[in-house]
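Reviewing the structure listed below.
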Amino acid sequence: MWLASGCEASPGGCCQERVPTARAGSGMDPEGEALLLQEARESVEAARSYRRELQQRLRGLQQARKQIRESAALTRDVLEQHFNDLKGTLRKLLDERLVLLLQEVDAIEQESIKPLDECQKLIEHGVSTADDLLQEGESVIHEVMGEQNENLCNFTKKALHIQLDSLPEVPALVDVPCLSAQLDDCLLTIVKNQIFNHGTVASRPPVQIEELTEKPGGILVRWCKVDDDFIPQDYRLQYRKSTANHFEDVYVGSEMEFIVLHIDPNVDYQFRVCARGDGRQEWSPWSIPQTGRSTLVPHEWTAGLEGYSLSSRRNIALRNDSQSCGVLYSKAPTYFCGQTLTFRIETVGQPDKRDSIGVCVEQQNGYDSLQRDKAVCISTNGAVFVNGKEMTNQLPAVTCGSTVTFDMEVVHLGPNNNEGGNSKLRVTISSNNREVVFDWVLDHSCGSLYFGCSFSYPGWKVLVF
């Protein structure tokens, strides 16, 4: 900037002229100026990113506030509706009980009054008879004074027939009902205690969905307990397409994870879970719905092979009665290392030592089993085969409901590889809580593998996922 020009008295009395001063940084070299410009641009970008993150957090706060307010409003509606229904039901029950008690009062009253009415009629008839006899007797006595003795005889005979000394019995007050209502005041205390303890308001559900993991044609849902004081007995899992209006039950049990099958790829699904406390009948509030999707291609069996019938989604194969025998392969090599391939035995037939369930490098027609080269498999008797050779270790025999899983991971070979192959996979086969682990040496690396099965006799049904 510039200082004002002109003369100013100095201490010595001389005038000194003000001169312009240089602008700050005007003498900076181009490299330094470029560095400052870069720093300024980085600061602007950092500020922009910071603002974006803050705005995202503001949206998160808005969603949290919306969830709180909407859940609070819904809870109010549920409570009001429930207690209104409860009041209506209690009022109806009390009215019904009152009607029954009043009917009982009417019945006792009518039954007790009936003999009294009959006695009253008898007495009134006697009074009427006595009045007539009294009137007739007074007239006869008056006539006797006129010396008409015949009428007097007739009246005397009539009076003897009436039995003037016979009186009906009237019950004492202690012998007739005296109605009263007996109402137990403790009922009000019991009802009051039940009402005071009826219903609770939870700030959050006792269980929440923890993880959604995509699987070929399915999604593995895991949940966890978030309320330490809640003791669960069963869990209930529901799901729906994001475009659907209603949830459907898909699992009820004690496990804390479940694979939801028949999931269409690249479609959003919502999942929610609730729990039932130990010894309770009612279910807890639902967890916050979580959205997940599977981008993995579903596993499918190859259609058209004589000897096997497939489900509509081609993930279930049934060995039929056809005499044709061979290996049923997957439609494509959809199994990748790092995934878990699962076979579930839905029904069983007669076992055979040539039966096989497993994976292979390629489809090879003309074989009746996966007990061959470039394949690993398990037989229905539990024997494990690698490249057609049976291993010493053996798994339990396959039964109805058995689940057989294959897990594989690539083992990187070092420079001093003496195993004769170019690729090696570490294979884990699990069945009935037992597993075997071995290395499978291949001639070349495989990005994906086929799966297959073979059964000599009909009745075997296998689900793959």
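Brief remarks on what is shown
- Coupling constants for region 177-190 follow from the phi torsions by the Karplus curve (6.51 cos²θ - 1.76 cosθ + 1.60, θ = phi - 60°), and in residue order they are x, 10, 5, 7, 10, 10, 10, 7, 5, 5, 4, 4, 5, 5 Hz; glycine and proline get x.
- Per residue accessible area of region 148-221, 1.4 Å probe, in Å²: 83 Å²
- Average accessible surface area per residue within region 312-392, 1.4 Å rolling probe, Å²: 46 Å²
- Reciprocal mean inverse distance between Cα atoms of region 324-465 - Kirkwood radius, Å: 15.2 Å
- Other residues lying with their Cβ under 11 Å from the Cβ of Ser284 contribute a combined charge of +2, Lys and Arg counting +1, Asp and Glu -1.
- The chain, Rg to Rh (Cα coordinates; Rh as Kirkwood inverse mean 1/r): 1.47
- Accessible-area composition of region 155-253, carbon plus sulfur, in percent [1.4 Å probe]: 52 percent
- Mean-position separation - Cα centroids, region 152-183 and region 255-298, in angstrom: 84 Å
- Normalised alpha carbon radius of gyration of region 220-322 [divisor 2.2 N^0.38 Å]: 1.38
- Options Pro205, Pro216, Gln238, ranked by Cα towards positive dipole end of region 202-249, top entry (Cβ charges): Pro216
- Accessible area in the full protein assembly, largest first, 1.4 Å probe, for Glu138, Glu96: Glu138, Glu96
- Near the amide H of Tyr308, within less than 5 Å, lie the amide hydrogens of Asn320, all on another chain or at least 5 residues away, with H placed in the peptide plane.
- Couplings 3J(HN,Hα) of region 241-246, computed from phi: 5, 4, 8, 7, 9, 10 Hz, in residue order, whole Hz [Karplus 6.51 cos²θ - 1.76 cosθ + 1.60, θ = phi - 60°; x for Gly and Pro].
- Percent of alpha-carbon pairs separated by more than 17 Å within region 252-292: 44 percent
- Segments 429-436, 41-48, 357-364, 182-189 sorted - mean Cβ within 10 Å per residue, highest first: 357-364, 429-436, 41-48, 182-189
- Of Ser324, Leu310, Thr405, farthest towards positive along the dipole that unit charges on Lys, Arg, Asp, Glu beta carbons give region 309-461: Leu310
- Remark: accessible surface ordering of His125, His444 (largest first) is His125, His444, probe radius 1.4 Å.
- Within the accessible area of region 308-465, the carbon and sulfur atoms contribute 44%, probe 1.4 Å, all protein chains present.
- Here the dipole of the chain is about 3760 debye; that uses its Cα centre as origin and unit charges on the Cβ of Lys and Arg (positive) and Asp and Glu (negative).
- Descending semi-axes in Å of region 120-228, equivalent ellipsoid built from Cα gyration tensor: 98, 17, 10
- Above-threshold pairs, the threshold being 20 Å between Cα atoms, out of Lys215/Lys424; Lys87/Lys192; Lys121/Lys157; Lys114/Lys158; Lys66/Lys87: Lys215/Lys424; Lys121/Lys157; Lys114/Lys158; Lys66/Lys87
- Glu31 exposes around 150 Å² of accessible area when a 1.4 Å probe is run over every protein chain in place.
- Cβ crowding within 10 Å averaged over residues, with 105-116, 293-304 ranked highest first: 293-304, 105-116
- For region 300-368, pairs of C-alpha atoms spaced more than 18 angstrom apart make up 40 percent of the total.
- Estimated vicinal HN-Hα couplings, Hz - region 61-73 in sequence order (Karplus 6.51, -1.76, 1.60; Gly, Pro = x): 5, 5, 5, 5, 5, 4, 4, 5, 5, 5, 5, 5, 5
- Principal-axis tilt of helix 149-162 within the chain, Cα atoms, nearest 10 degrees: 30 degrees
- Region 272-320, relative contact order in percent, only Cα pairs under 8 angstrom and at least six apart counted: 23 percent
- Ordering Val427, Thr156, Gln364 by the projection of their Cα atoms onto the charge dipole of the chain, which places +1 on the Cβ of Lys and Arg and -1 on the Cβ of Asp and Glu, puts Gln364 at the extreme positive end.
- Computed magnitude of the charge dipole of region 77-167 (debye, nearest 20; Cβ of K, R +1, Cβ of D, E -1): 280 debye
The values are calculated or read from the model by the stated rules, or taken from the named source; none is laboratory data. The model shown is predicted, which means the values in this text are computed figures rather than measured ones. All Cβ positions, glycine included, derive from the backbone under ideal geometry; neighbour counts span all protein chains shown. The accessibility values were calculated without ligands, DNA or RNA, using every heavy atom of the protein model including side chains. Shrake-Rupley method; radii C 1.70, N 1.55, O 1.52, S 1.80 Å.
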